[in-house]
Amino acid sequence: DGVWEENLRAAFQELCEIEERPDIDNMDPEIWGPVNSRFHEALIAANDSPWLTRMLHMLYQQSDRYRMIAQVSTQYDSETHEEHIAIYEAAMSRTMLKLSRLSAKHAMHLVESVRVLLEQQDNQAAEG
């Protein structure tokens, strides 16, 4: 438990250093992406179910393409950082139901961001 906490704390600190930068809107996704991935990996590292770990990795990898679309096409959304803070705090306090709900909200935030982006592109194509 202590090792997991320390690894999560370090990953979260690294993520905060990136997400709190004044130039985050111009950040290369190749810089933020791996740091974000390390944070999410650290979150699930204490999980003792190989099956669940495999499923979580698969879901994260499958969402990666959409995360890249959103990152390249839009400015950084500060709500993402607020979500990361809440997720970190819930994980460290071991409030699993809250953590689960926050994680689901975080995933749906990405879905909504991509949906809005695609809708904007469709509207531009229809106008042009």
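The values are calculated or read from the model by the stated rules, or taken from the named source; none is laboratory data. Computed from a prediction, not measured in an experiment: that's the story for all the values here. Heads up, the Cβs are rebuilt from the backbone with ideal geometry, glycines too, and the neighbour counts pull from every protein chain shown. Remember, those area values only see protein heavy atoms, side chains included, never the ligands or the DNA or RNA. Shrake-Rupley method; radii C 1.70, N 1.55, O 1.52, S 1.80 Å.
Of LEU110, LEU102, which residue is under 19 Å from LEU8 (Cβ atoms) and among the aliphatic types (A, V, I, L, M)? Full working, then the answer.
Details: LEU110 fails: under 19 Å from LEU8 (Cβ atoms).
So the residue among LEU110, LEU102 that is under 19 Å from LEU8 (Cβ atoms) and among the aliphatic types (A, V, I, L, M) is LEU102.
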query: From the set of residues in the stretch 20-33 that are touching a residue at least 24 places away in the same chain (Cβ under 8 Å) and assigned to a helix (DSSP H, G or I), which is surrounded by the most Cβ atoms within 10 Å (Cβ to Cβ)?
result: TRP32
message: Within the stretch 34-48, does at least one residue satisfy the condition of being surrounded by 11 or more Cβ atoms within 10 Å (Cβ to Cβ), outside any helix (DSSP H, G or I) and among the small types (Gly, Ala, Ser)?
response: yes
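Which count do you get for residues in the stretch 51-69 that are more than 15 Å from the chain's Cα centre (by Cα) and open to solvent by less than 90 Å² (accessible area, probe 1.4 Å)?
Within the stretch 51-69, the subset more than 15 Å from the chain's Cα centre (by Cα) is 51-55.
With the extra rule that they be open to solvent by less than 90 Å² (accessible area, probe 1.4 Å), the set shrinks to 52-53, 55.
Total meeting the criteria: 3.
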message: Report every pair of residues separated by at least 6 positions or lying on different chains whose Cβ atoms are under 7 Å apart, first residue within the stretch 102-119 and under 11 Å from ARG67 (Cα atoms), second basic (Lys, Arg) and not in a helix (DSSP H, G or I).
response: none
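Being outside any helix (DSSP H, G or I) and open to solvent by 70 Å² or more (accessible area, probe 1.4 Å): is that true of ARG94 here? Outline the logic, then answer.
Numbers: outside any helix (DSSP H, G or I): yes; open to solvent by 70 Å² or more (accessible area, probe 1.4 Å): yes.
Spelling it out, ARG94 is indeed outside any helix (DSSP H, G or I) and open to solvent by 70 Å² or more (accessible area, probe 1.4 Å).
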